[in-house]
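Bear in mind these aren't lab numbers, they're just calculated from the coordinates by the rules spelled out. Computed from a predicted model, the values in this text were never measured in an experiment. Counting neighbours? That spans all protein chains shown, and the Cβs are built from the backbone with ideal geometry, glycine included.
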Amino acid sequence: MRKPRNFDAELKALEDKVRDLKSRKVQQLGELVIATGADSLGTDELAGALMVLVETKDAAKREAWAKRGAAFFQGRARRTAPAIERNTGGAQTQPRGALPLSSGARPA
């Protein structure tokens with residue numbers, strides 16, 4: 001006879017993973033705000049700007065923003081990663097919306 005699955009333990013493990021992923025997402029968003037210099041904006045200004053971005057349906061604007069963001073991350077990689085780890089192909093290696101992990105330290 002087969003050993004029965006412990007659904008409660010599996011569910012708890014999945015809930016823990018979800019909590020960890022949400023926590024990492026929040027941390028990475030904070031690191032992104034700092035890395036881009038947006039931490040100098042007030043909370044109201046930052047929230048308003050993000051709301052405008054979310055509400056924008058203009059595909060050309062969104063594509064331009066995506067290209068600028070990709071260039072930002074590629075420029076960061078050149079400054080911080082050794083040549084072996086660098087993405088030189090120009091192709092996006094992370095899923096859309098994924099944020100790279102960083103040490104959280106801001107260059108002086």
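Scanning region 27-57 for residues that are β-branched (Val, Ile, Thr) and surrounded by 10 or more Cβ atoms within 10 Å (Cβ to Cβ) returns 33, 34, 36, 56.
Close Cβ contacts (under 8 Å, 6 or more residues apart or on different chains) running from residues in region 26-55 that are of a type in the set (A, V, I, L, M, F, W, C) to residues that are not in a helix (DSSP H, G or I) comprise 29/99; 32/99; 34/104; 34/106; 35/102; 35/106; 49/41.
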